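J.: Following this message is one structure expressed as structure tokens.
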Amino acid sequence: MQKGNIAVQTENIFPIIKRFLYSDHEIFLRELVSNAVDASTKLKTLARRGEATGEIGETHIEIIIDNEAKTLTIRDRGIGMSEEEVQKYLNQVAFSSAQEFVSKYEGEASIIGNFGLGFYSAFMVAKKVEVLTKSFRADEPAVRWSCEGDPEYTLEPAEKAERGTDVILHIAEDSEEFLGESRIGDLLEKYCKFLPIPIQFGTKEEEHETGEGEEKTTHTETIPNIINNPDPAWRKQPSELSDEDYRSFYRELYPYSYESPLFWIHLNIDHPFTLNGVMYFPKLGNSIEVQRNKIQLYSNQVFVTDNVKEIVPEFLTLLHGVIDSPDIPLNVSRSYLQADANVKRISGYITKKVADKLGEIFQKDRADFEAKWNDLGLFVKYGMLTEEKFYEKGIKYALLKNTAGEFAPVEEYLEKIKATQTDKHGKTVVIYATSTEGQHAQIEACKAHGYDVVIMDQPMIDGPFMQHLEHKLGNMLFVRVDSDTANNLIQKDDAPESALSEEEQNQVKSAFQAVISDAMARVSAKPLSPNDAPVVITRPEFMRRMREMQAMQGMGDAFPDSFEVIVNTNHELVAKKLLQEKDSDKNAGLAKHLYQLALLNQGMLKGSDLLEFSKRSLEMLK
């Protein structure tokens, strides 16, 4: 057996770094600014321990563009480096000074760095990198390190009055976009907006008023342009924040959002993992897709991504807000999450917090919860469909709303209708409508039978949600208000008798079949209440559900859009007038008119048929 060390050819390292270290070259700015933040954090830690003496003074970071020299400088007033430290940390690829510091001062500082590679991201956009640095130790002289993207470097004494480090990038020709003020400003906004050390990018003008009345004057002052909020809301304790503070932070996160959030959850845990954040419930209405990718993931206040599907369950991606955790495992570029037990625990924790918050609001102020249900409903249903742990809590406050505008949790509603809406098989039947206007006649027919009707008008979620409840609860089912005649929506043993003989019923059925040319229509004659419509059109529940499922999956028309034409043999227009009309043309005209009335009632009468119906109706009135 042989043992040895794998050789790495240093001259091959830089081409790999330039092309493959990060998927997006713009990330170099995040990495270098993060290093500057770490340098400042280290200094503050040492000062607290008494290892750094004297006044710390300003520790802000400065980003400087010099278009003439074609350089971009990241300047910090942090811990700085001695010549020995430059040799140790800059001349060894993948040797992390951050990890070394964390090991030595465990639990005393929140350090961003991890892999020891961030500094070398500079070579993705720079043909040459200079580092001018002076240690916080007074007896250590300043040094300048320089490298042109190959294994050779220079290290020499330098002049620098202040403690800290300047990383000077001589931008390459193919990366001159990073000399643009707006480009750098956008990247700072994206990646560094909430870093814990103030970051200055140029200056800005600020107006001030002095005096009062006629003596009031306005003067302009040039001040540093600080682009970040070093102390965002999620880093504070909930007790320190008012409702307005939370709303203000929401506007800071989403400056182009015109709606305020419904409410929010403050995440704050330090065992068995560290997690902070604020999750906002936006006003969803019926919209799902436009709401995604609104949760921002941070690691020690450094922006990582707004694609958090690996951290939170699918339904929680509808929320807005911030999650910050140093315990979420990231790859070298911090752009991809790596699955491990912590991610699962974090996902479970967030799910529980959200479910508990909704339950708390429902219990505390049910009227307010009901008022917000139009926006919360889609979220709750989606969560119950996709996450079993959330279903167990959500079933207690998932609401059904009836046509009278009354709300009730699912189980409470089932108990309410059990006495009148249980079929002959012992199942409680929930009758629902998708449109109070479009299905008004059917709703009224149900009311006449003493039935209650709920509204399910969120087509993207309600179909799967109803099937899920049927499966989970077992002894109940949903039927749409137009899936059968009102007296047959809930199957009972006491079916009404027909006023017509079997032969007369067949005669009536034949009369309608003769005037209905639609191949999707199936005609039947049934005894309904004399007060029901003479002709009713229904769409079988099973076939309609299959078509809706098919449409959601983007499939073709495997299931036809069939419907049933039910002729009410107990209605006087059928039992008397139609049967007694001996003139075949008038008989056919009456059957067609009654059929088209039923089509009109369903919004199915259109085009030339609607025009013909209108003309015939006018003639009948003359």
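J.: Out of 153, 191, I need the residue that is closer than 26 Å to residue 31 by Cα, at pLDDT below 95 and open to solvent by 30 Å² or more (accessible area, probe 1.4 Å). Which one?
T.: Result of the check over 153, 191: 153.
J.: Then there is this: From the set of residues in segment 471-514 that are surrounded by 15 or more Cβ atoms within 10 Å (Cβ to Cβ) and basic (Lys, Arg), which is farthest from residue 446 (Cα to Cα)?
T.: Taking the candidates together, the pick is 509.
This table checks each residue for (1) in contact with a His (Cβ under 7 Å, 6 or more places away or on another chain); (2) free of Cβ contacts under 8 Å to residues at least 24 places away in the same chain; (3) buried (at least 16 other Cβ atoms within 10 Å of the Cβ); (4) outside any loop (DSSP other than H, G, I, E, B).
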residue: 201; (1), (2), (3), (4): no, no, yes, yes
residue: 205; (1), (2), (3), (4): no, yes, no, yes
residue: 221; (1), (2), (3), (4): yes, yes, no, yes
residue: 228; (1), (2), (3), (4): no, no, yes, no
residue: 244; (1), (2), (3), (4): no, yes, no, yes
residue: 256; (1), (2), (3), (4): no, yes, no, no
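J.: Look at segment 337-372 and say how many of its residues are surrounded by fewer than 17 Cβ atoms within 10 Å (Cβ to Cβ) and in a helix (DSSP H, G or I).
T.: Residues flagged as surrounded by fewer than 17 Cβ atoms within 10 Å (Cβ to Cβ) and in a helix (DSSP H, G or I) within segment 337-372 amount to 16.
J.: Checking the conditions here, which among 427, 418 is open to solvent by 20 Å² or more (accessible area, probe 1.4 Å), in contact (Cβ under 8 Å) with a residue 24 or more places away in the chain and either more than 21 Å from residue 541 (Cα to Cα) or not aliphatic (A, V, I, L, M) (or both)?
T.: 427
J.: To continue, here is another question. Quick check, is residue 165 in contact with a Ser or Thr (Cβ under 7 Å, 6 or more places away or on another chain), of a type in the set (Ser, Thr, Tyr) and either farther than 19 Å from residue 64 by Cα or in a loop (DSSP other than H, G, I, E, B) (or both)?
T.: For residue 165, the condition - in contact with a Ser or Thr (Cβ under 7 Å, 6 or more places away or on another chain), of a type in the set (Ser, Thr, Tyr) and either farther than 19 Å from residue 64 by Cα or in a loop (DSSP other than H, G, I, E, B) (or both) - is not met.
J.: With (1) farther than 23 Å from residue 57 by Cβ; (2) buried (at least 16 other Cβ atoms within 10 Å of the Cβ); (3) under 34 Å from the mean Cα position of the chain (by Cα); (4) modelled with pLDDT under 90 as the list, and residue 111 as the residue in question, which single condition is left unmet?
T.: (1)
J.: Where in segment 378-495 are there helices (runs of 4 or more DSSP H), lying fully within it, with 1 or more residues that are hydroxyl-bearing (Ser, Thr, Tyr), closer than 23 Å to residue 351 by Cα and touching a His at 6+ places or on another chain (Cβ under 9 Å)?
T.: 388-394
J.: Looking only at residues in segment 258-280 that are at pLDDT below 85 and farther than 21 Å from residue 350 by Cα, which one is least open to solvent (accessible area, probe 1.4 Å)?
T.: Restricting to residues being at pLDDT below 85 and farther than 21 Å from residue 350 by Cα, the top hit is 259.
J.: Turning to a different aspect of this structure: So if I check each of 186, 139, which one is open to solvent by 30 Å² or more (accessible area, probe 1.4 Å), within 32 Å of the chain's Cα centre (by Cα) and not small (Gly, Ala, Ser)?
T.: Of 186, 139, the one residue that is open to solvent by 30 Å² or more (accessible area, probe 1.4 Å), within 32 Å of the chain's Cα centre (by Cα) and not small (Gly, Ala, Ser) is 186.
J.: Moving on to the next point. Please enumerate the residues belonging to segment 30-70 that are among the β-branched types (Val, Ile, Thr), touching a Ser or Thr at 6+ places or on another chain (Cβ under 8 Å) and under 14 Å from residue 80 (Cα atoms).
T.: Result: 41, 59, 61.
The values are calculated or read from the model by the stated rules, or taken from the named source; none is laboratory data. None of these values were measured; they are calculated from a predicted model. All Cβ positions, glycine included, derive from the backbone under ideal geometry; neighbour counts span all protein chains shown. Surface accessibility is based on the protein's heavy atoms, side chains included, excluding ligands, DNA and RNA. Shrake-Rupley method; radii C 1.70, N 1.55, O 1.52, S 1.80 Å.
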